[in-house]
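Working notes, structure below.
The numbers here are math on the coordinates, done by the rules we state, and not lab data. Since the model is a prediction, treat every value here as computed from it, not as a measurement.
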Amino acid sequence: MKIVILVAFALLSNAAQSNSLSAQIDFLEGEWAKIYYSPASSNKAARYNNLLHKARTLKQENKNASELLFWEAVLISSAAEHSDPLNALNSIEKARKLLLKAIEIDPKTMQGSAYVTLGSLYYQAPGWPISFGDKNKAELFLKKALEINSNSIDANYFYADYLISENKPIKAIEYLKKTIHLPIRQNQSFADNQLKAIALKTIKTITDDRNNLPKNAWANLTTSFPLSE
């Protein structure tokens, strides 16, 4: 009986620890979103670094948590946008290694978001010899994210963004539309609504610029994906 009680206590303790970590990860995501989508950019780097310190402190307490490796990578790469080119290149390389380590621990880290971020880095980073940028690898990673979670707002939006970077706006519309219509997460409604708004704006930008679409593409586009929905 004593052993059963101890086992039950251990299970409850692990569940409480898991719930606490989940809440802390939600906090990191919520705070990151506030910084990322803030119109003011003057102190974003400092705010990212403050949040990065919190993520690293949590990582020391949860050494095998792939989610914290993911958030460390996201915060490093986000701060890189506000640093000089050389430091930015060093930062995104650190972020890449952290994401690969997170995926090694758990391929489904953050329901595929580790693959989303990794793919995004690969299509936005400069190619060799400056950095590791590679459009083919980017597409593989982004498709892997969709394979893990086809109903991810992030995965659908960033695959669309990749397609736009590859001059495939018609195909991108499909994933942008899905981004808009997917349900938001109750615990991260701010971040999801922000990305949905960007997806809607992107659709408008594409469809307003009809001259860049191939011949007859406009008719096919509006037939397949009615824009009034």
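Among the listed pairs Lys54/Lys143; Lys97/Lys201; Lys171/Lys196; Lys34/Lys196, which are separated by more than 21 Å between their Cα atoms?
From Lys54/Lys143; Lys97/Lys201; Lys171/Lys196; Lys34/Lys196, over 21 Å: Lys54/Lys143; Lys97/Lys201.
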*Report, by chain and number, residues whose modeled amide H sits under 5 Å from the one on Gly133, excluding near sequence neighbours (fewer than 5 apart, same chain).*
Gly127, Trp128
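Sequence gap at least 6, Cα distance under 8 Å: using those rules, report the relative contact order of the range 48-198 to the nearest whole percent.
Reported relative contact order: 15 percent.
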*When the Karplus curve 6.51 cos²θ - 1.76 cosθ + 1.60 is applied with θ = phi - 60°, which whole-Hz ³J(HN,Hα) does each residue of the range 168-178 get, with x for Gly and Pro?*
10, x, 5, 5, 4, 3, 4, 7, 5, 4, 5
